[in-house]
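Novice: Below is a structure I'd like to ask you about.
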Amino acid sequence: MSSLWGTTHTPYGVYISGARFSFVVCVFNLYIMRGATFFGVSDLIEGKRVRLRSFELSDLDEIMRHWNNIELRNLVGSAGRGPVCRNDEEEWIKSTWKQRQERKAFTLAIETISDSKLIGGIGLFNIDWTSRSAMLGISIYGPQSRGKGYGQESINLILDFAFRILNLNRVELDTFDFNERAQKCYLKVGFKEVGRRRRARFIDGQYHDDIIMDILKDEWLAKSEE
Ligand SMILES: CC(C)(COP(=O)(O)OP(=O)(O)OC[C@H]1O[C@@H](n2cnc3c(N)ncnc32)[C@H](O)[C@@H]1OP(=O)(O)O)[C@@H](O)C(=O)NCCC(=O)NCCS
């Protein structure tokens, strides 16, 4: 995050000058980020069990522990890119900082609140600021962390950020026909299937349908107030 003092820009790209106004905007940011503690940092998005935060270079060990796993890479559809090395992932982390500063993508680490453990990543990307639409991607790294509700909570947190903070109007994602856990998770959050790219992806020796789902701001707001 850029400096909160003097001529700078806030985490949401509002250009301001002067420390006093900067302070007001900073406090306002803290106020609107539900769940952030008053004296905490303002780029922190926190739920009951997980928080979304910036990736840091200190996350590299944990990322390298998981990101060459064939099951995970098949589920996210990137096995065909081959093994990654530490330098690839270091560059990737740095690219997430730059993309966030430029408001091109918001790629965030998922961390458990109880023990501050990195368990995955989630992001908004391909943001179209005119149509106010974006793509969502998520990955809970380890099998031991899946199926425990962390995915649903993380998606709800990033949708809250997308709709209430960024004022996006639509979020889309895609998943493969064999990924039943992901489909169930997305349906429970409120996504709807809107189409299929039939046999669009060749994964682990077979063609698979790519299922497209989306959710609109109104739908999510109504669901979150249920
Ligand atoms: C897909 C993913 C984000 C879901 O997050 P999660 O924390 O595991 O999922 P949740 O626990 O929030 O919800 C999953 C739901 O599916 C159910 N489920 C769990 N395992 C399942 C399985 N193998 N098959 C079908 N449903 C399953 C859960 O019971 C839960 O439903 P419930 O709330 O009614 O109990 C996560 O598993 C993940 O990142 N997986 C690896 C990478 C991946 O698939 N990314 C998505 C690519 S599109």
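Novice: Take the alpha-carbon positions of the stretch 44-224, form their convex hull, and give its projected area averaged over all directions (one quarter of the hull surface) in nm².
Specialist: In nm², the orientation-averaged hull projection of the stretch 44-224 is 10.1.
Novice: Fully extended, how many nm does the chain gain between Glu62 and Val84 (0.36 nm per residue separation, minus their Cα-Cα distance)?
Specialist: 6.6 nm
Novice: Give the long-range amide H neighbours of Arg196: residues separated by 5 or more places, or on another chain, with amide H under 5 Å away, using H modelled in the peptide plane at 1.01 Å from N.
Specialist: Ile212
Novice: Separate question: Order of Val171, Val76 from fewest to most other C-beta atoms within 10 Å? It would help to have the intermediate numbers written out before the result.
Specialist: Values: Val171 25, Val76 16.
Least crowded to most crowded, the residues run Val76, Val171.
Novice: Residue-wise, which Karplus ³J(HN,Hα) couplings in Hz belong to the stretch 201-211, taking 6.51 cos²θ - 1.76 cosθ + 1.60, θ = phi - 60°, and x for glycine or proline?
Specialist: Ordered by residue, 3J(HN,Hα) equals 10, 9, 9, 6, x, 9, 7, 9, 6, 9, 8 Hz.
Novice: Once Rh is set to the Kirkwood radius over Cα pairs, what Stokes-Einstein translational diffusion coefficient, in µm²/s, holds for the stretch 118-226 at a temperature of 4 °C and a viscosity of 1.567 mPa s?
Specialist: 89
Novice: Between their Cα atoms, which of Lys148/Lys217; Lys148/Lys184; Lys148/Lys223 are more than 19 Å away from each other?
Specialist: With Cα atoms farther than 19 Å apart: Lys148/Lys217; Lys148/Lys223.
Novice: Give the long-range amide H neighbours of Leu168: residues separated by 5 or more places, or on another chain, with amide H under 5 Å away, using H modelled in the peptide plane at 1.01 Å from N.
Specialist: HN-HN under 5 Å from Leu168: Phe163.
Novice: Between beta-carbons, use under 15 Å as the cut-off and find the net charge around Arg199, counting Lys and Arg +1, Asp and Glu -1.
Specialist: Here the charged neighbours net out to -1.
Novice: Which lysines have a Cα lying under 22 Å from the Cα of Lys94, excluding residues fewer than 8 positions away in the same chain?
Specialist: Lys104, Lys117
Novice: Report ³J(HN,Hα) in whole Hz for each residue of the stretch 168-183, in order, from the Karplus equation J = 6.51 cos²θ - 1.76 cosθ + 1.60 where θ = phi - 60°; Gly and Pro get x.
Specialist: Rounded to whole hertz, the list is 6, 10, 8, 10, 10, 8, 9, 8, 8, 4, 7, 8, 5, 5, 5, 4.
Novice: Still on this structure: For the stretch 130-145, take each phi angle, set θ = phi - 60°, evaluate the Karplus expression 6.51 cos²θ - 1.76 cosθ + 1.60, and give the result in whole Hz per residue in order, putting x for glycine and proline.
Specialist: 6, 8, 6, 10, 8, 9, 10, x, 8, 8, 8, 5, x, x, 5, 9
None of the figures in this text is laboratory data; all of them are computed from the coordinates on show. Remember, predicted model here, so these are calculated numbers, not experimental data. Virtual Cβ from ideal backbone geometry, glycine too; neighbours counted across all protein chains shown.
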